[in-house]
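Here is the structure we will look at, set down as structure tokens.
The values are calculated or read from the model by the stated rules, or taken from the named source; none is laboratory data. Note that the structure is a prediction, hence the values are computed from the model and not measured. Neighbour counts run over all protein chains shown; Cβ positions are idealised from the backbone, glycine included.
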Amino acid sequence: MSATDRNLMTAHAEVKAEITRTDTKTALLLAFVGAVLAGAWTVAKDAPLTLPATVVGGLGMALLVGAAGMLLLSVRPNLRGRHGFPLWATLTPEEIHAAIGGDLAADIAGLSRLAVAKFTQLRRAVDLTCAGGALLILAALITAGGAL
């Protein structure tokens, strides 16, 4: 095996590991967002909220729901068969052998694009989560302080 082949195999494994790390982070953030939504709803449904607190809290909840939707889209399975299991499920044993023996660099490029797309979605969801959380904190402060 040449040094180039080893480097390609290393890069391939690295990209696949990055996709796994991103999916793990996405799952953790999705659980966190779900817990914040449930907790905020539980507190808000029994609290005497003013109109400004309701509006600000509602916007915060909407941003968190948007973040949850974005997270779900980032881990949505790709069943078009470009990489991984769906591809292998559609091929004959001979076609699998030919696909594995094919251009590893092209697979690395495709997986890298997938990883970047997932990471971008995760980053946007983190931004929405921070904004939504800040609005929920503001709504809580408005309610606690009796402001407006």
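Computed quantities for the displayed model
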read-out: Output for the stretch 5-41, where each listed residue is hydrophobic (A, V, I, L, M, F, W, C), under 26 Å from ARG123 (Cβ atoms) and surrounded by 13 or more Cβ atoms within 10 Å (Cβ to Cβ); value: ALA11, VAL15, ILE19, LEU29, LEU30, PHE32, VAL33, VAL36, LEU37, ALA40
read-out: Residue ranges of helices (runs of 4 or more DSSP H) in the stretch 42-126 with at least 1 members modelled with pLDDT under 80, surrounded by 13 or more Cβ atoms within 10 Å (Cβ to Cβ) and out of contact with any Ser or Thr (no Cβ under 9 Å at 6 or more places or on another chain); value: 85-89, 93-100
